[in-house]
Amino acid sequence: MAVDRRYVALNDAERKRLESFIARCSDADLERAMPAGWTVAATLAHMAFWDERVRVLFARWEREGSAPPPEDEVSVDWINDSAKPMFLALPPRRAAELAVKIARETDRAVERLSDDMLARNAAAPQPLNVVRATHRREHLDEIEALLR
């Protein structure tokens, strides 16, 4: 049975949107404040963190043969809050460049997943989200609305 790989085109589109945004974004734009004490650059670093998490967890799964354990849904807020000071400490342009670099690497990694791995992921109690576009779109929409 063929596995649905429409996520590849979705990820490519949002990654290209991210790349285009970063290319036209000024350093002042990257330093702009966002809600809850975030900045544009820190939000981009946050996106990179969650992309990297998916890439690392799939690599471990392929290497070790077992799915990541399910996570408590509540854990996401404390993870974001815990990581925010580090994201804010990054030089803004570096955070933006990192978001693009990691998006590219993650998109390549999830695109190369075998049909078997994608099927095992879909059957996992809490599958890893290969549609990275959704998270990117959410934050890019928020950032672009703020900068308008």
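Structure notes:
- The lone exception for Asp81 - which of (1) part of a helix (DSSP H, G or I); (2) touching a residue at least 24 places away in the same chain (Cβ under 8 Å); (3) loosely packed, with under 15 Cβ neighbours inside 10 Å it fails: (2)
- Among the residues listed as Glu105, Glu138, the single one being surrounded by fewer than 16 Cβ atoms within 10 Å (Cβ to Cβ) and without any contact (Cβ under 8 Å) to a residue 24 or more places away in the chain: Glu138
- Tally, over the range 43-101, of residues that are touching a Leu at 6+ places or on another chain (Cβ under 7 Å) and of a type outside the set (A, V, I, L, M): 4
- Among the residues of the range 30-53, the one identified as more than 11 Å from His139 (Cβ to Cβ) and assigned to a loop (DSSP other than H, G, I, E, B) is Arg32.
- Sole residue being of a type in the set (Asp, Glu), surrounded by fewer than 20 Cβ atoms within 10 Å (Cβ to Cβ), at negative phi and modelled with pLDDT under 95, chosen from Glu31, Glu19, Glu64: Glu64
- Residue tally, condition polar (S, T, N, Q) and closer than 21 Å to Ser20 by Cα, over the range 74-116: 1
- In the range 120-148, residue modelled with the lowest pLDDT [restricted to those that are closer than 17 Å to Phe58 by Cβ and basic (Lys, Arg)]: Arg120
- Any hit, the range 44-67, residues being free of Cβ contacts under 8 Å to residues at least 40 places away in the same chain and among the polar types (S, T, N, Q): yes
The values are calculated or read from the model by the stated rules, or taken from the named source; none is laboratory data. Because the structure is predicted, anything quoted here is derived from the model rather than measured. Note that we place each Cβ from the backbone using ideal geometry, even for glycine, and neighbour counts take in every protein chain shown.
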